[in-house]
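Working notes for the structure below.
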2 protein chains.
Amino acid sequence: MSRPIYDRVALIGLGLIASSMFWAMKRGGLAAEVTGYARSAQTRDTARRIGLCDRVCDSVVEAVQDADLVVLCVPVGAMGQVAQDIAPVLKPGATVTDVGSVKRAVIEAVAPHLPENVEFIPGHPLAGTEHSGPESGFAELYDNRFCLLVPTEGSDPEAVLRLRRLWEGMGANVEEMDADHHDLVLAVTSHAPHLIAYTMVGVADDLRRVTDSEVIKYSAAGFRDFTRIAASDPTMWRDVFLNNKDATLEILGRFTEELFALQRAIRTGDGDHLFDYFTHTRAIRRGIIEAGQDTDAPDFGRGAKAP
Amino acid sequence: MSRPIYDRVALIGLGLIASSMFWAMKRGGLAAEVTGYARSAQTRDTARRIGLCDRVCDSVVEAVQDADLVVLCVPVGAMGQVAQDIAPVLKPGATVTDVGSVKRAVIEAVAPHLPENVEFIPGHPLAGTEHSGPESGFAELYDNRFCLLVPTEGSDPEAVLRLRRLWEGMGANVEEMDADHHDLVLAVTSHAPHLIAYTMVGVADDLRRVTDSEVIKYSAAGFRDFTRIAASDPTMWRDVFLNNKDATLEILGRFTEELFALQRAIRTGDGDHLFDYFTHTRAIRRGIIEAGQDTDAPDFGRGAKAP
């Protein structure tokens with residue numbers, strides 16, 4: 001077998017992303033030892049019970065001691081505090097990375113706390129499911145998914161390369177991007193769609209003249225895809241929106257503008273406008289399937305089988 | 001084997017819904033003979049080539065001759081014209097039904113053309129995929145899906161029961177509902193979500209500072225679920241929005257109101273509001289899974305497998 005890429009990796013926060021990293025590192029033999037820490041005693045107990053991490057520590061300081069790579073897998077709003085807590089005990093030459101869904105705010109919250117002799121290389125694996133918690137992880141989560149690295153100015157190229165090799169070893173395709181562009185791209189592909197899905201699900205639930213049971217029974221008509229997105233972890237998403245405020249609000253502004261134009265087309269009976277718009281969006285789906293980022297199986301292949 | 005429910009069924013329009021009905025009727029031995037008609041000669045040729053329908057006819061009049069059940073599977077905007085064309089040749093005592101996604105407008109367009117001695121029982125199977133055309137159908141499409149029947153005042157209970165048995169034979173759970181309530185429920189569970197998905201995909205494509213290839217590459221973060229919905233048939237959806245104008249615009253109005261409230265919470269940093277909202281919507285997902293209307297497998301079970 002190949003040699004591990006890091007001798008010791010510390011995972012701080014043990015949810016879907018960290019637990020999937022652990023199983024993926026084990027699968028690839030990428031780390032000699034993986035320590036783990038979670039703030040909640042219950043999460044630590046669960047981790048110990050299911051064998052998540054080689055060693056689960058009761059303090060964050062213990063977990064990061066002697067670690068060559070520290071991965072911050074906590075909600076974006078908690079990153080700053082964790083950075084402050086671990087800064088005094090980080091091993092000189094260690095790399096600190098994170099998996100947060102926004103990057104500018106994380107850099108501003110984390111970087112000021114870290115000592116000079118530590119490399120900070122923010123990251124963001126574009127993978128996840130609607131499930132969360134230590135038991136939701138699986139080794140294949142990152143296979144053929146993108147992981148974006150956001151090296152800061154002055155990042156050591158060798159440390160960046162090493163982190164890249166870790167993510168590639170976990171199955172991901174790694175790309176580099178600057179923080180602000182990352183935050184804008186993700187506002188489009190992730191943050192705005194999540195807020196929209198949350199909103200639509202909230203509206204459906206709130207409607208007096210349509211019962212909950214009707215919404216649930218007849219959800220297969222399109223709505224259920226929204227509910228999957230809107231079932232994602234509330235803490236994580238609260239922090240995403242609060243920390244990528246500008247880009248998210250910009251995209252939502254554009255969205256509202258466009259939605260109003262389509263509403264007007266419906267109201268005035270402008271069928272050509274609707275038809276042209278829908279024809280155009282259909283082509284984008286084709287691009288995503290050709291890029292290997294989704295299945296072409298009808299309905300994502302769930303339930304019934306095509307002939 | 002059990003006896004067929006209808007001796008002759010005519011499918012008018014040969015897209016996803018009709019072709020799935022054909023394969024489902026064959027699977028269940030539900031119709032002795034199924035004729036089919038499509039306006040496009042190319043569609044008729046394809047149908048003949050793949051054995052879709054026992055007999056493909058070159059005129060709609062020929063297709064409905066002697067049919068005990070006529071199923072209108074054309075876009076909602078075309079239903080009135082088809083009804084007018086077939087009315088003179090419908091067999092006395094025959095049942096006419098449809099599969100349109102809106103019901104009030106279809107009733108208004110179709111009913112006035114039909115002779116007194118024919119039963120008109122509007123219907124709507126809540127099933128579909130993002131694919132369309134005669135080759136997209138499969139026998140299992142309706143398994144465990146709902147089919148809503150909207151009997152008009154004075155519908156013959158026996159004719160309704162017979163149509164119900166056909167849909168049940170194709171795997172569906174049948175419910176009855178009045179037309180206006182149907183149109184409101186579907187505006188919530190289907191029409192508004194589709195327009196929102198179309199809009200979001202259009203916005204993403206239109207953004208100058210984020211390239212198409214970035215949107216496509218990084219779509220797995222949530223956006224790709226929208227693109228699946230926004231890949232649905234443009235003609236069908238244009239007609240849905242034009243023919244369920246009031247209910248769709250009402251729901252979109254509620255949606256916009258709610259979206260603005262969440263945008264304000266983001267802008268003002270009201271994390272509690274966001275957290276509470278997201279916690280609530282998560283519970284709705286649970287209801288849909290418990291009702292058997294979707295899979296609990298992460299990410300719909302596509303791609304990677306859970307342990």
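The values are calculated or read from the model by the stated rules, or taken from the named source; none is laboratory data. This one's a predicted model, so the numbers in the text were calculated from it and none came from an experiment. Cβ: placed from backbone, ideal geometry, glycine included. Neighbour counts: every protein chain shown.
Listed values, structure above:
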read-out	value
B:Glu119 modelled with pLDDT of 95 or more, more than 25 Å from A:Gly271 (Cα to Cα) and over 16 Å from the mean Cα position of the chain (by Cα)	yes
Residue that is nearest to A:Ile17 (Cα to Cα), among those in the range A:136-165 that are surrounded by fewer than 19 Cβ atoms within 10 Å (Cβ to Cβ) and among the charged types (D, E, K, R)	A:Asp143
Qualifying position, being hydroxyl-bearing (Ser, Thr, Tyr) and under 30 Å from B:Arg224 (Cβ atoms), among B:Thr129, B:Thr97	B:Thr129
Count of the range B:129-184 residues which are away from chain A (no Cβ under 14 Å) and either touching a Gly at 6+ places or on another chain (Cβ under 7 Å) or not acidic (Asp, Glu) (or both)	16
Residues that are more than 22 Å from the chain's Cα centre (by Cα), crowded, with 24+ Cβ neighbours inside 10 Å and in a loop (DSSP other than H, G, I, E, B), drawn from the range B:51-71	B:Ala67
Residue match in the range A:137-156 (condition: touching a Cys at 6+ places or on another chain (Cβ under 7 Å), assigned by TED's automatic domain parsing to the domain that holds A:Gly28 and either part of a strand (DSSP E or B) or at pLDDT 95 or above (or both))	no
Residues satisfying the stated conditions in the range A:193-203, i.e. facing chain B (nearest Cβ under 7 Å), out of contact with any Asp or Glu (no Cβ under 6 Å at 6 or more places or on another chain) and of a type in the set (A, V, I, L, M)	A:Leu195, A:Ile196, A:Met200, A:Val201
Any chance B:Gly93 is within 14 Å of chain A (Cβ to nearest Cβ) and not in a strand (DSSP E or B)	no
Selection count where residues are in a helix (DSSP H, G or I), out of contact with any strand residue (DSSP E or B) (no Cβ under 6 Å at 6 or more places or on another chain), farther than 17 Å from A:Phe138 by Cβ and of a type in the set (D, E, K, R), scope the range A:1-48	1
Considering residues of the range B:87-102 that are in contact with an Asp or Glu (Cβ under 6 Å, 6 or more places away or on another chain) and in contact (Cβ under 8 Å) with a residue 60 or more places away in the chain only, the residue farthest from B:Pro75 (Cα to Cα)	B:Thr95
Per-region count, the range B:161-188, residues free of Cβ contacts under 8 Å to residues at least 24 places away in the same chain and within 15 Å of the chain's Cα centre (by Cα)	1
Test: A:Glu214 is more than 23 Å from A:Val34 (Cβ to Cβ) and of a type in the set (Asp, Glu)	yes
Residue in the range B:262-280 that is modelled with pLDDT of 75 or more and under 28 Å from the mean Cα position of the chain (by Cα) present	no
Residue list for the range A:280-297, restricted to those being more than 8 Å from every other protein chain (Cβ to nearest Cβ) and outside any helix (DSSP H, G or I)	A:Gly292, A:Asp296
Residues that are facing chain B (nearest Cβ under 7 Å), more than 18 Å from B:Ala265 (Cα to Cα), not charged (D, E, K, R) and not in a loop (DSSP other than H, G, I, E, B), drawn from the range A:204-256	A:Ala204, A:Val215, A:Ile216, A:Ser219, A:Ala220, A:Ala221, A:Phe223, A:Phe226, A:Thr227, A:Ile229
Test for A:Ala109: is it closer than 29 Å to A:Leu186 by Cα and part of a loop (DSSP other than H, G, I, E, B)	no
Enumeration of residues in the range B:257-279 that are within 7 Å of chain A (Cβ to nearest Cβ) and either assigned to a helix (DSSP H, G or I) or of a type in the set (Asp, Glu) (or both)	B:Glu258, B:Leu259, B:Leu262, B:Gln263, B:Ile266, B:Arg267, B:Gly271, B:Leu274, B:Phe275, B:Tyr277, B:Phe278, B:Thr279
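Yes or no, residue by residue, for (1) within 24 Å of B:Phe260 (Cα to Cα); (2) crowded, with 22+ Cβ neighbours inside 10 Å:
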{"site": "A:Leu195", "(1), (2)": "yes, yes"}
{"site": "A:Arg208", "(1), (2)": "yes, no"}
{"site": "A:Lys245", "(1), (2)": "yes, no"}
{"site": "A:Leu249", "(1), (2)": "yes, no"}
{"site": "A:Leu252", "(1), (2)": "yes, yes"}
{"site": "A:Asp270", "(1), (2)": "no, no"}
{"site": "A:Ala283", "(1), (2)": "no, no"}
